[in-house]
Amino acid sequence: QVMSPAPPCALAMPPRCRSAAAAVALCWLALAAGSSGDDAPPPDDGAAQYQALGLRPGAGSLEVQLAYTRFAAGYNPETKFGTDARRQFVEASQAFQALSDDAARQDSLGTLRYFDHVRRLNDDEELQHFTEFRTGGSAHLRVIFFLESGSERHWDVWAAATQLHGTALVAQIGHRDARTMSGEQGPFMASLKLLQFPAAVIYDPISRAKKVSHGLDGVAGMVQRFLSGDLSVSDKLGRVQELDEESFRLRCGGGVDGSSEKCDFAFVLATTMAQEQKLDEMMATLRAFTETSKMLHNVPQDTGKNIACFWLRMDRSPTWDPFLRKHGMAALDSYAHLALAWHPSPMVVLAPPHLAHGSNIAMQGWFRQVVAGTHLPSKPVEGSLPPLPPPASPGDEPPESFATTTMRKLKKQLADVSPDIGRSVLWAQSELKRMDTEEKVMVFGAAICALWLLIFLMRRCCCCCGRRNSAVTEEELLASLAAVVEVPLRRQAGEKLGMGIGPAAGDVFTITGVSMGELVERWNAAQPEAHRRVQEGDRIVGVTAAGGQRATNCTTMGEAMRAGGDLTLHIAMQRPKGVPQVMDKTVSYVMLKDVKSLRSAAELRVPQYSWAGPATSSLLEIAAISAELSQHNAKHSAEGCCMQRLEVGDLVVAVNGSTAVTSQLDVPSPLLLVVRWRAPGAMRADRFEVAVPRNGQEDRLGMHIRNLPGSQ
């Protein structure tokens, strides 16, 4: 029976039977490998479609479905696949759509990682959050499908998500899930003005423009039309795209090596992470850039030159920052407008700074002059333009905070149970009417006792939770750690530092701005790497005056900075994830099993090379090592193990799993969680294999292991 051909309806089963049917089908395919199959192939199928699935022409429908299922299972949307890999996945999806019927496509969704590619939204607030641009997130178009139920799987939605991977974010929501407790549409859903369901909305987080489709067919093609630049003069949707490999290919039809087919010039807004962190100001700049881009719509008709408009995020393209600084972008500029050309020879022209704060008309007039050849670059490009970054993946989107997510889920649950609560109240009222006075007194007495017991339990729970949560975890400390960098400044008499400061938590100063042409800005200009420059948001955690005494609180640091003369600023520089860091951080466990205690092994001090906000006071740093610890270090050096040594400057984050380090100083043979800061590239990690022969299942490895905090 296993060897017999499967009937055409074998895969069109209820969801509970799909896994069993898929297992039987896989066994059948494995045993029947090499045979032609008994089910006839669909007519008029091209050989290229079978080739996209890795099949021979004329393969049966069951083979087609299983081949696509295996292909899709290996494509993780969180992974940064190259352009070729994404194109292969799209071609495989299109081939499967052409070679299968509706029943086979719908059945295959039960075995695919559907909700890994399509984000499920649960309420109106989450819907609005999904459409918004967030610092560190992508500016890709959002595509939202409104279905009868948020849990259903639809082939058109899946096809759109796979075709648009790396170019748009796709989600779905049940239209009833976006309603309020009273049954009305939520505020954001109501603003979309949907007339019927199912429906799809294409939303631009930059311009806030939208396009509604009352149907699910052809949505992916519509999005790709916007991304390819097929826009009308009034379109704001997709007018500006992030400059990456995929958007450049779609908009300009060429590769990242400059083989552009459709774009003679590109109008580009380049921004730094410092600008992105000022979200309101960043959005205003982007919307002004979008309006200017609209004004350039008829440039191809006027000049015969094709143009495209892009947003270049320099934190995602590290090689572009020094390139633009070299070609005229000032050291402290957080954004710039520029014109780029890839052929016949690379060219970059930066707009004068005053135009950035001027009118859109003046900016588009400048760009037209560049296209016409009136404005020439101040410095020729040597070689080629820097490479473009890969597109952002869905996993790069910053998550909501835990508190926001919890509150939204709580409101959703209250909305779900509110009808049940109403029915319970009506039942209680009817029952009370039937009771006599004595029964009512007993019920109210029981209710008061239950309420008192509930209050007692809640107070105990809150107290326990408060005590449990008061201690900072190892993961939280490691995530908040920043390297402290020394910034030596030689100050002339009466010279100002040239930076704005304000107090922050932990009795330190936050840098609110750096003035052009002043002392700190000149120090920045001497730093070749942008991430090592003093930036807005950095923290001043110490000031050492000419006398050598280090001030570590706001009062004494302020006095030292006002006193005049040379000084050294100790600045905590924590750069966003994905951006080059000032120092490399290595985390390791150090087992001091041949040392009495941490107190006897080393002289400890308040951290000078690390900062972790208010939690810094709970950490300790190695200031000097004892003879006992020197012997420990020499022993491990002889064994070739550098990570088990403890050196001056190492930061002790936890002892035996406790972040209350000061209370663990006398623990014998302690296990320390240690952080070391090293210059980028100074540390190297090698991976090697150790072959361990085992005599049987009872033969134990004989080692203790544990998870290293901060590791993936």
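The values are calculated or read from the model by the stated rules, or taken from the named source; none is laboratory data. Just so you know, these numbers come straight off a predicted model, no measurement behind them. Cβ: placed from backbone, ideal geometry, glycine included. Neighbour counts: every protein chain shown. Remember, those area values only see protein heavy atoms, side chains included, never the ligands or the DNA or RNA. Shrake-Rupley method; radii C 1.70, N 1.55, O 1.52, S 1.80 Å.
Things to note:
- Scanning the range 311-325 for residues being among the basic types (Lys, Arg) and within 12 Å of Glu529 (Cα to Cα) gives a total of 1.
- Once the range 130-149 is narrowed to residues that are among the polar types (S, T, N, Q) and open to solvent by 30 Å² or more (accessible area, probe 1.4 Å), the residue that is nearest to Gln413 (Cα to Cα) is Ser149.
- In the condition set (1) surrounded by 20 or more Cβ atoms within 10 Å (Cβ to Cβ); (2) part of a helix (DSSP H, G or I), Ser600 is compliant with all but (1).
- With respect to the conditions (1) of a type outside the set (Lys, Arg); (2) in a loop (DSSP other than H, G, I, E, B); (3) at negative phi; (4) open to solvent by 10 Å² or more (accessible area, probe 1.4 Å), Gly328 lacks only one, and its number is (3).
- Among the residues of the range 181-194, the ones that are open to solvent by less than 60 Å² (accessible area, probe 1.4 Å), out of contact with any strand residue (DSSP E or B) (no Cβ under 8 Å at 6 or more places or on another chain) and in a loop (DSSP other than H, G, I, E, B) come to 1 in all.
- Thr131 vs. criteria of a type in the set (Val, Ile, Thr) and farther than 30 Å from Ser207 by Cα: no
- Members of the range 478-526 found to be within 21 Å of Lys585 (Cα to Cα) and either in a loop (DSSP other than H, G, I, E, B) or free of Cβ contacts under 8 Å to residues at least 60 places away in the same chain (or both), listed by number: Leu481
- Verdict on Asp333 being modelled with pLDDT of 75 or more and closer than 24 Å to His531 by Cα: no
- For the range 316-325, the criterion of a residue being open to solvent by less than 40 Å² (accessible area, probe 1.4 Å), under 24 Å from Ser138 (Cα atoms) and in a loop (DSSP other than H, G, I, E, B) is satisfied by at least one position.
- Matching residues, the range 115-129, being surrounded by 20 or more Cβ atoms within 10 Å (Cβ to Cβ) and of a type outside the set (Asp, Glu): His117, Val118, Leu121, Leu127
- Residue within the range 437-455 that is at pLDDT 80 or above, assigned to a loop (DSSP other than H, G, I, E, B), farther than 21 Å from Asp177 by Cα and over 49 Å from the mean Cα position of the chain (by Cα) present: no
- When Ile361 is tested against (1) more than 25 Å from Phe248 (Cβ to Cβ); (2) at pLDDT below 75; (3) among the aliphatic types (A, V, I, L, M); (4) open to solvent by 100 Å² or more (accessible area, probe 1.4 Å), just one condition goes unmet, and that condition is (2).
- Criterion: crowded, with 21+ Cβ neighbours inside 10 Å, in contact with a Cys (Cβ under 6 Å, 6 or more places away or on another chain), at pLDDT 80 or above and closer than 18 Å to Ala351 by Cβ - qualifying residue of Phe267, Phe289: Phe267
- Phe310 being assigned to a helix (DSSP H, G or I), at pLDDT 85 or above, open to solvent by less than 10 Å² (accessible area, probe 1.4 Å) and under 23 Å from Thr374 (Cα atoms): no
- Just so you know, in the range 53-84 the residues that are open to solvent by 30 Å² or more (accessible area, probe 1.4 Å) and among the aliphatic types (A, V, I, L, M) include one that is modelled with the highest pLDDT, and it is Leu55.
- There is no residue in the range 529-550 that is in contact (Cβ under 8 Å) with a residue 60 or more places away in the chain, open to solvent by 60 Å² or more (accessible area, probe 1.4 Å), touching a strand residue (DSSP E or B) at 6+ places or on another chain (Cβ under 7 Å) and farther than 29 Å from Thr319 by Cβ.
For (1) open to solvent by 50 Å² or more (accessible area, probe 1.4 Å); (2) aliphatic (A, V, I, L, M); (3) more than 17 Å from the chain's Cα centre (by Cα), each residue gets a yes or a no:
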| residue | (1), (2), (3) |
| --- | --- |
| Leu109 | no, yes, yes |
| Ser151 | yes, no, yes |
| Leu164 | no, yes, yes |
| His175 | no, no, yes |
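- Pick from the range 226-243, criterion among the charged types (D, E, K, R) and either more than 27 Å from the chain's Cα centre (by Cα) or modelled with pLDDT of 85 or more (or both), ranking: surrounded by the most Cβ atoms within 10 Å (Cβ to Cβ): Glu242
- Pairs with Cβ under 6 Å, 6+ apart, first in the range 336-351 and closer than 13 Å to Leu312 by Cα and among the aromatic types (Phe, Trp, Tyr), second surrounded by 21 or more Cβ atoms within 10 Å (Cβ to Cβ) and at pLDDT below 85: none
- Here Thr586 meets the list (1) at positive phi; (2) within 29 Å of the chain's Cα centre (by Cα) almost entirely, failing just condition (1).
- Test set (1) crowded, with 21+ Cβ neighbours inside 10 Å; (2) assigned to a loop (DSSP other than H, G, I, E, B); (3) hydrophobic (A, V, I, L, M, F, W, C) - Phe248 fails condition number: (2)
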